[in-house]
Amino acid sequence: MSTIHKSPWLLHYDGSSCNGCDIEVLACTTPVYDVERFGVINTGNPMHADIFLITGGINSQNADVVKQIYEQMPQPKVVIAVGTCACTGGIFKECYNIKGGADTVIPVDIYVPGCAARPESIIDGVVKGVALFKEKAEALKASEKAN
Amino acid sequence: MEMLVTALICLPFLWAILPAVIHNSKCRAFFVYLGCGIVIVLSVFTAVQWYLAGGQTLNFDLPYREAFDGVILFGDLFLMCLITYLSFKYKKGVISLLAIVQTLLVAGLEFFGPELEELPALRFDWLTLVMILIIGVVGSLIGIYAVGYMHGYHIHHHKELTDRRSFFLAMIFVFFGAMFGLVFSQSLIWMYFFWEITSVTSFLLIGYTRSEEAINNSFKALWMNLLGGCGIAAAIAVGILAFNTVNLYDIINLAIEHGTSAHTLIFLLPIACLAFAALTKSAQFPFSGWLLGAMVAPTPSSALLHSATMVKAGVYLLIRISAAMADNYVGNMVALIGGFTFLAASCLAISVSDGKKVLAYSTISNLGLIVACTGCGYEETIWAAVFLVIFHAVSKSMLFQCVGAIENTTGSRDVEDMQGLMAIFPKLAIILMIGIAGMFLAPFGMLISKWAALKAFIDTSSVYVSSLMVLFICFGSATTMFYWTKWMSKILGASPREKSRDLTKKNEYISMFFHAIMMVALILGFPWLSEHILKPLSEDMFGVVKQVISYQNIIIMIVLLVGVFVIPCINYVMTKGSKAKQVITYMGGANVGDNFNFVSATGDPKEMHIANFYMEDIMGEKKLFTPAIMISTFIIIVYMIIVVGGAF
Amino acid sequence: MTIQTRVIFAICYLILCPFIIGLLDGFDRKISARMQGRRGPSVLQPFFDLKKLFEKEFLTANKTQLFMIRSYLCFIVLSGILFFAGFDILLVVFSLSTAAMFLILASTSTHSPYSAQGTHRELVQIMSCEPMELLVAVGFYLAAGTFNISDIVAGASSPYIMYLPGFFVGFVFILTIKFRKSPFDIATSHHAHQEVIKGVTSEMVGKEYAMVTLAEWYENGILLGIVGLFFLTSNILSVIGAVAAILVVWFLEILIDNTSARVKWQLMLKLAWGVTIIAAGMNLFLLEIIRG
């Protein structure tokens, strides 16, 4: 029985967010929402993370950084874009320096809309992400067996 | 046997003439190699002969004893004149006073003092065996290394200096002769003569480059060592005037017989003087300054004199007199100074980044541990002390040579510049690693000795000394671990530099590889060593044989030993084939494509430097050195007053 | 102690230690969460984490890291076996410090700023703890007359805590450092976050990190074993007392962890050495006087 989904570790990256979504992400770890009951840990290190949580849009300066961090996460991994800006670029979309949502540089699996995204919806997104994480893990295992 | 010993002492002195007069570089090198080869063969042959003959303690004289006595007297006066001349030449005339006073004291007593019974001047026992092997083998290997090193030193790096290689190599041979003489002597007058020669060669070699710093440091070394010489001279004076003997063993036996009761402190007086002399020679606090200053000398002389052999003369003498120091004031003084030095020097070693200085501090610190062991004066501690002497000689000489070779190759001996040495010069790095591992890791030599020493210190009878010593050892071990590990981690890290040409000469490698092989052989052979060399040694000194370390622990040590070699090897082989995706290290996503550069605030790539911790505000030289000197001076003065005051 | 009992103890340690310490870790997280007013994860969470880490893809910045970490694990286990099979306690301490060196070398081999920072702090931590660890061995030698653990236990008519209260206090103090608990979690934290990312373990991915975690469990087993040694006597029932003492100490560490803020390494070094000198040093001195 795979228990991999019981230990999803998060990496939270702030693209060019107004910090509204960031506050809500951190609110998830407080006693009120307590995501740790799902085994979620907010790590600071891509090497240890399973779920990449991005807030804010992508600009030309952080595009490389996001790509690099994504590369440094070991498989299986899930990317969640939190908030409207991370999903599409939001109200900053037309700015000269903004490239758009997180999916302009890396593949995004789950989109959590909202400005700012509510903690409940973030948790909802994470739970969906965890399910996907399990699926990906099983797929990875199967492909390894096939090789 | 007498012939062999005579050859061992006299040959190096005579051989020194050859490099001194031959100025053709190739030809001189050949004679130095030959000389070193002869010294190795001779010392090993002598040792083996004596061992096979059953290892009986021998008391004997050189042939033509009277002639040699005359030579020694003349030699003493010559050294005095030399020192006086040089110190006036460099406007440090005060120092010559020390030399004049002590030489005249000894010479005067010899002429006008009471007639002494003629006793054999030399002695050969187990401790001598260990010492001649160290001097002969380790010393000669350094001699071989010196030829290549000095070539690179003058040709590649220090073109501005006058080439005085002939003088340098000649001095090394003089030094061999003096050391052999020192460890064979049982007459204090003989020992005093050889002792002074080592002081003077050390002085001359430190001043080799004749730069201002070198001259200042060499005179510092000179006055401290001469102060020690005064100690021996005083011991000779007391011996002649009070006990009518200058025989080291008579003095030791008198001190042991008359025990520790307060009104017989007079018997301890010569022992205290000798111990004082030994402390200066072994560069214990407060006399550590000269050894640090001595690091300006070219590396072979640092390796030979200031780490592998000459400073061992001090601990050699302490081991000799240790039986007379068990549980009395002198022993307490020596133990406290040693323990304190062990801790203080290892703290100071944390705060320096110059590789040679780290080695100098660690030499002082390890000598401190040995000195502490001798001050305790029990069988276990002597066992540990001799072990430490052997291991330290080999691994430290290897480390010095390696740092010297690194400096010649990369142009820097700073630890910070050794980042990723493993990737650039793997051969040098491996030698350095073996040396460092030998200095502190389980289960290498140091550790076995530390185990035994700690046990013995707990059992020491004086409550204060025992508690303090245990604390010194525990804290000193921690700080020792710190500075070695951070050096090791520097070597193993990745390096941004490309592989470049290794400028190390073949003969330097020969010497270093021999050392590495010896190191490994010593580690593997330590149960044998303990059984066949150290046991008879302790039986000789204490008349009892004690199993210092239980068989169970020997087995554990062997398991650990196998572990240290085998576990990483197995793991290396097992993980070699494992699939891994290469990634760059995490720098907040700001790497510029590799692990060495990051995107700076201006958007340009900038090289990242990783530096070790040096803790200058806690362990710095500025902060600790002076207090350490003061505390240790205080300890010495208090105990000397007790002993001297009690004697009269 | 016969060779059979030694082997049995060693095997028990080898098999049971990760389960017991892992479970304690799970309860630790649960209790910590409760102290903070949260529900917290399942008590089996540490095992889930460990299993996941082993299953993840293996990335590395420097391949030598993996074999260093495996050697670290092997050495910790070896020290644990020496300890629980009742051999020499001083050698156990020495071999633990050798193991620590492998961790240091593993983390510096990558040339990463965060792991380098963590490594040097880890070195400071080792330097802070090492005197006390050695002194504990010395304390047992003074009280029992031997370094041999099986003899120490067999020779105890009353618990050693009676003779070694100072050593015990000092040891519990450095346990906070050893368990990577706040206020001394400066090299890396057993919590997720740390101001230097994850300190020593920053560059350890997947199974490497799993092995380090496992090694830490094995090491904690030894450390808690030493705590127990203070309370064991030759009477078999004393095991209950020892276990109770271990649990109390363990709870105390959780309490300290949740009620204090991280300090700088300078303060940690001074505090740890200060406590060692005062508590253990005094105790040492008194014991020496009693022994005469």
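Where a number appears in this text, it was derived from the coordinates with a stated rule and is not lab data. Treat the numbers as computed from the prediction; the structure is a model and nothing was measured. Neighbour counts are summed over all protein chains in view; Cβ atoms, including those assigned to glycine, are modelled from backbone coordinates with ideal geometry.
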Problem - Charge sum, other residues only, whose C-beta stays under 14 Å from B:PHE124's C-beta, Lys/Arg counted +1 and Asp/Glu -1 - result: -2
Fill in the blank from the handout: Scoring chain B by relative contact order with C-alpha pairs under 8 Å, at least six apart, yields a percentage of 14
Fill in the blank from the handout: In vacuo Debye sum over C-alpha of chain B, base-10 log of normalised intensity I(q)/I(0) at q = 0.09, 0.10, 0.12 Å⁻¹, listed in q order, is -0.72, -0.89, -1.30
Problem - Restraint check, B:LYS450/C:LYS63; B:LYS581/B:LYS606; A:LYS6/A:LYS99; B:LYS450/B:LYS576; B:LYS357/C:LYS207, Cα-Cα greater than 32 Å - result: B:LYS450/C:LYS63; A:LYS6/A:LYS99; B:LYS450/B:LYS576; B:LYS357/C:LYS207
Problem - Estimated [θ] at 222 nm from DSSP helical runs (n ≥ 4, -39500 (n - 2.57)) normalised by residues in chain B, nearest 500 - result: -23500 deg cm²/dmol
Exercise for the section: Can you tell me which of C:49-58, B:507-516 comes out highest on packing, and rank the rest after it, using the mean Cβ neighbours within 10 Å? Expected result: B:507-516, C:49-58
Handout entry: Normalised convex hull volume, region C:167-250, alpha-carbon set, Å³ per residue
Key = 96
Completion exercise
Ranking C:ALA99, C:VAL138, C:ILE197 by how far each Cα lies towards the positive end of the charge dipole of region C:3-291 (+1 on Lys and Arg Cβ, -1 on Asp and Glu Cβ), the top one is C:ILE197
Practice task
Output the relative contact order of chain C, whole-number percent, from Cα pairs under 8 angstrom with separation of 6+ residues.
Solution key: 25
Problem - Extension gain (nm, one decimal) between B:THR602 and B:VAL638, 0.36 nm per residue minus Cα-Cα - result: 6.7 nm
Practice task
Per residue of region C:134-147, in order, report the coupling 6.51 cos²θ - 1.76 cosθ + 1.60 (Karplus, θ = phi - 60°) as ³J(HN,Hα) in whole Hz, putting x for Gly and Pro.
Solution key: 5, 5, 4, 4, 4, x, 5, 5, 5, 7, 10, x, 7, 8
Exercise for the section: Between beta-carbons, use under 14 Å as the cut-off and find the net charge around C:TRP273, counting Lys and Arg +1, Asp and Glu -1. Expected result: -1
Problem - 222 nm mean residue ellipticity, helices alone, for chain A (DSSP H n ≥ 4; -39,500 (n - 2.57); rounded to 500) - result: -10500 deg cm²/dmol
Handout entry: Rg/Rh (Cα only; Kirkwood hydrodynamic radius) as it applies to region B:38-117
Key = 1.17
Fill in the blank from the handout: region C:135-292: relative contact order from alpha carbon pairs under 8 Å, six or more residues apart, as a whole percent, is 34
Handout entry: Relative exposure of B:TYR51, A:TYR96, B:TYR249, judged by other C-beta atoms within 10 Å (fewest first)
Key = A:TYR96, B:TYR51, B:TYR249
Problem - Net charge contributed by nearby residues that have their C-beta within less than 14 Å of B:GLY355 (K/R +1, D/E -1) - result: +1
Handout entry: Stretch gain in nm, segment B:HIS609-B:TYR464, where the contour uses 0.36 nm per residue and the Cα spacing is subtracted
Key = 47.6 nm
Fill in the blank from the handout: Expressed in nanometres to one decimal, the distance between label points 7 Å along Cα→Cβ at B:PHE74 and C:ARG34 is 9.3
Exercise for the section: Quote the FRET efficiency, to the nearest 0.05, computed for C:ILE8 versus A:SER2 with a Förster distance R0 of 25 Å and r equal to the Cβ-Cβ distance. Expected result: 0.15
Exercise for the section: Send over the semi-axes of the protein assembly as shown's equivalent ellipsoid, whole angstrom and largest first, taken as the square roots of 5 times the C-alpha gyration tensor eigenvalues. Expected result: 59, 34, 24
Exercise for the section: Give a residue-ordered list of calculated ³J(HN,Hα) values for region B:165-172 (Karplus: 6.51 cos²θ - 1.76 cosθ + 1.60, θ = phi - 60°; whole Hz; x for Gly, Pro). Expected result: 4, 4, 4, 4, 5, 4, 4, 4
Problem - Modelled FRET efficiency - R0 22 Å, B:GLU117 with B:GLU66, Cβ distances, 0.05 increments - result: 0.90
Problem - Label point 7 Å beyond Cα of A:ASN19 along Cβ direction - residues of region A:51-89 with amide nitrogen under 17 Å - result: A:55-57
Practice task
For region C:1-113, give the magnitude of the charge dipole about the Cα centre (Cβ charges: +1 Lys/Arg, -1 Asp/Glu; no others), in debye to the nearest 20.
Solution key: 400
Exercise for the section: Check cross-link reach from A:LYS67 to the aspartates and glutamates: straight Cα distance under 19 Å, and skip same-chain residues fewer than eight apart. Expected result: A:ASP14, A:ASP50, A:ASP103, A:ASP109, B:ASP594, B:ASP604, C:GLU57, C:GLU203
Exercise for the section: Give the share of C-alpha pairs in each 10 angstrom bin for region B:253-356, from 0 to the last occupied bin, in whole percents, shortest bins first. Expected result: 14, 41, 28, 13, 4, 0
Fill in the blank from the handout: For chain C, the convex hull over Cα atoms projects on average to an area in nm² of 14.9
Exercise for the section: Would you mind computing, in nm to one decimal, how far apart the modelled labels at B:ARG164 and C:SER234 are, each placed 7 Å from Cα along Cα→Cβ? Expected result: 7.1
Practice task
Rounding to the nearest 20 debye, state how big the charge dipole of the protein assembly as shown is about its Cα centre with +1 on each Lys and Arg Cβ and -1 on each Asp and Glu Cβ.
Solution key: 1840
Exercise for the section: Can you give me the P(r) profile for region A:4-139? Cα pairs, bins 10 angstrom wide beginning at 0, each as a whole percent. Expected result: 14, 48, 33, 6, 0
Exercise for the section: Could you tell me which of the pairs A:LYS134/C:LYS52; C:LYS181/C:LYS264; C:LYS30/C:LYS56; B:LYS427/B:LYS505 are separated by over 19 angstrom between their Cα atoms in the structure shown? Expected result: C:LYS30/C:LYS56
